[in-house]
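The values are calculated or read from the model by the stated rules, or taken from the named source; none is laboratory data. Owing to the predicted nature of the structure, the values given are computational and were not obtained by experimental measurement. So basically every Cβ, Gly included, is an ideal-geometry build from the backbone, and we count neighbours across all protein chains shown. Note: areas computed on protein heavy atoms with side chains; ligands, DNA, RNA excluded. Shrake-Rupley method; radii C 1.70, N 1.55, O 1.52, S 1.80 Å.
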Amino acid sequence: MAKIVAICATTHHPFYYKTSKMSEDEAPPFAKEWIEKVTRYRETLTKAEPDVLVMIGSDHFHQLWLNSMPQFLVGNAPFYDANYYNEEREFGLPQLLLRGDVELANFILEKGLEVGFDLAFSNELRVDHSITCPIFTIRPEADLPIVPIYTNIFAPPLPQPKRFVELGKTIRTIVEEWPSEKRVAIIGTGHLSLELGGPRQFGPHGPDPDFDSKAVDWISNGKIDEALAEVSLESLHAPGNATHGFMDFMLMMGVAQGQVADYADTLDLFHTMEAYFTWYPKGE
Amino acid sequence: MSKYYVNKFLFTIDRDPALVERYRDDPKGTVAWWLEEEGPRNLGVAGFERTTWLSLEEDEREALEKHDKVALFAMGAHPFLTLTLWIAMFERDFTEPLGMQLDYAAALADFQLPYPDITT
């Protein structure tokens, strides 16, 4: 059976790539610490020696649109073009071509359907920065095949937080049942408190530092029940109008099955708090 | 109210570099063109299969024609779509880093929670 060798959950800050490429003269004062933290975080994945990456993210109105909006979608294509013109324009993100692992994607799809997750699928998916940011930060070689899984945290009505946790647990179980010798890492990106296009955007910190510190405690200590007791679709409006992206972290807590994180780090940046978590399933 | 159609305008303009410039330079003309040509195109089906019933309310059309981001926010237009397009069109007019984004936030300062509903 396949082995899950690392579970990584992180924020996806689209400006990291550009910041990391700046010369010392032009880089902002926080760049050095940011790059150091990301470099340390990258090592937590590198040392697990994965063969394939299951990547959880969320399309930002690039390919998925309001005329047919899936709640959870698995990419099952052999390749993924990645990043869009407007991400190059706004964030300086280059376009990429990533390989896909169709066998694992189809296994996740079919087993998911069997156990009660009516997953949508895509044979031609251009992934966006929710998938490529963790490539740039923790696997910049972009050399491993991926299985992208998109969640809808963006276009309400959204699935309930508990479904994100349940989907995470289900993905974990399915990957562990995959008849393969491959070493799989499951990587997901979400948000802590975040405001986009609203009055609290782009402040000196994330819009709700209290929420952030609570959320980091939930994630790093595997407090799934506590998070579920406090978080609802309604409550997530309060920390910032884009904070529903926290549900992707809840999905990753489900993947980690309540385990305490083996690695946890944060960085208080303008606009948002960055956070980095890694779990090694027991026995790794 | 047709939040969906407002969002569709923002979405289809933002993803086309030529339309971003056209909307920046001539908002009124771009909205008129869009309502005739682009708006009725149902993305994902053949171009000649036009949507026949979508339209903008007068206040929605006016908000788009006037680049009125505050009115768009008040109507529940998706804030990510508006912000992204505004960065593309107007970030260049500010000299300080994040100048446009902070000016944008200040323009919305009177909004309290709960913000206008963006559900479509």
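Assorted remarks:
One line per residue, one yes/no per condition, for (1) assigned to a loop (DSSP other than H, G, I, E, B); (2) touching an Asp or Glu at 6+ places or on another chain (Cβ under 9 Å):
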residue: A:GLU87; (1), (2): no, yes
residue: A:ARG99; (1), (2): no, yes
residue: A:GLU103; (1), (2): no, no
residue: A:PRO134; (1), (2): no, no
residue: A:ASP143; (1), (2): yes, no
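- Selection of region A:226-247 for residues being surrounded by fewer than 14 Cβ atoms within 10 Å (Cβ to Cβ) and closer than 19 Å to A:ALA264 by Cβ yields only A:GLU226.
- Region A:1-45, subset buried (at least 17 other Cβ atoms within 10 Å of the Cβ) and assigned to a loop (DSSP other than H, G, I, E, B), residue farthest from the chain's Cα centre (by Cα): A:ALA2
- Counting the residues of region B:87-103 that are facing chain A (nearest Cβ under 8 Å) and assigned to a helix (DSSP H, G or I) gives 4.
- The listed residues are B:TRP86, B:TRP33, B:TRP53, and the only one of them that is in contact with a Phe, Trp or Tyr (Cβ under 8 Å, 6 or more places away or on another chain) and either modelled with pLDDT of 95 or more or open to solvent by 70 Å² or more (accessible area, probe 1.4 Å) (or both) turns out to be B:TRP86.
- On inspection, A:ALA105 passes the criterion of being open to solvent by less than 10 Å² (accessible area, probe 1.4 Å) and either within 23 Å of A:PRO161 (Cα to Cα) or not β-branched (Val, Ile, Thr) (or both).
- Subset of region B:1-23 (residues that are part of a helix (DSSP H, G or I), open to solvent by 30 Å² or more (accessible area, probe 1.4 Å) and within 13 Å of chain A (Cβ to nearest Cβ)): B:TYR4, B:PRO17, B:ALA18, B:GLU21
- For beta carbons closer than 6 Å, sequence separation of 6+ or different chains, a first residue in region A:60-87 that is of a type in the set (Val, Ile, Thr) and a second that is surrounded by 18 or more Cβ atoms within 10 Å (Cβ to Cβ) and assigned to a loop (DSSP other than H, G, I, E, B), the qualifying pairs are A:VAL74/A:LEU119.
- Screening B:ALA106 with (1) within 13 Å of chain A (Cβ to nearest Cβ); (2) in contact with a Phe, Trp or Tyr (Cβ under 9 Å, 6 or more places away or on another chain); (3) among the hydrophobic types (A, V, I, L, M, F, W, C) gives one miss only, at (2).
- No other residue among A:PHE211, A:PHE246 is more than 12 Å from chain B (Cβ to nearest Cβ), touching a residue at least 40 places away in the same chain (Cβ under 8 Å), at negative phi and in contact with a helix residue (DSSP H, G or I) (Cβ under 8 Å, 6 or more places away or on another chain) apart from A:PHE246.
- When A:ASP128, A:ASP208 are checked against the criterion of being more than 22 Å from A:PRO281 (Cβ to Cβ), open to solvent by less than 30 Å² (accessible area, probe 1.4 Å), acidic (Asp, Glu) and at pLDDT 95 or above, a single residue qualifies: A:ASP128.
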